[in-house]
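Structure record follows, encoded as structure tokens.
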Amino acid sequence: MDSKNIKLLEESQKNILSNHWLNCILIENNKNFCREDIIIQLEKENIETKPLWLSLHLQPIFKGYPYYGDTFNLQLFNKGFF
């Protein structure tokens, strides 16, 4: 597996440091592997992971309500896990 396709989330601001209580990983999907492949491989090593959460505005209960944003959160959901 090529680590250039795996990215840890970075600090969002230079003067704020995270306590990293929840480590999120982004996978750039390619023809050789995808997020699900890594999740399955980690599960074989008894390492529990889960896909990142689907944003609240995409939950069925909020269907039909206005949303003011872009699709970045959907990209995180499709590529990330913790």
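The values are calculated or read from the model by the stated rules, or taken from the named source; none is laboratory data. Small disclaimer: the values here were computed from a predicted structure and weren't measured. So basically every Cβ, Gly included, is an ideal-geometry build from the backbone, and we count neighbours across all protein chains shown.
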For GLN41, indicate whether it is out of contact with any helix residue (DSSP H, G or I) (no Cβ under 7 Å at 6 or more places or on another chain), modelled with pLDDT of 85 or more and surrounded by 10 or more Cβ atoms within 10 Å (Cβ to Cβ).
yes
In this structure, does GLY69 turn out to be surrounded by 10 or more Cβ atoms within 10 Å (Cβ to Cβ) and of a type in the set (Gly, Ala, Ser)?
no
Would you confirm whether any residue within the range 60-82 is assigned to a loop (DSSP other than H, G, I, E, B) and closer than 19 Å to LEU22 by Cα?
yes
Within the range 54-67, identify whether any single residue is out of contact with any helix residue (DSSP H, G or I) (no Cβ under 8 Å at 6 or more places or on another chain), more than 19 Å from PHE82 (Cα to Cα) and of a type in the set (Lys, Arg), and answer yes or no.
yes
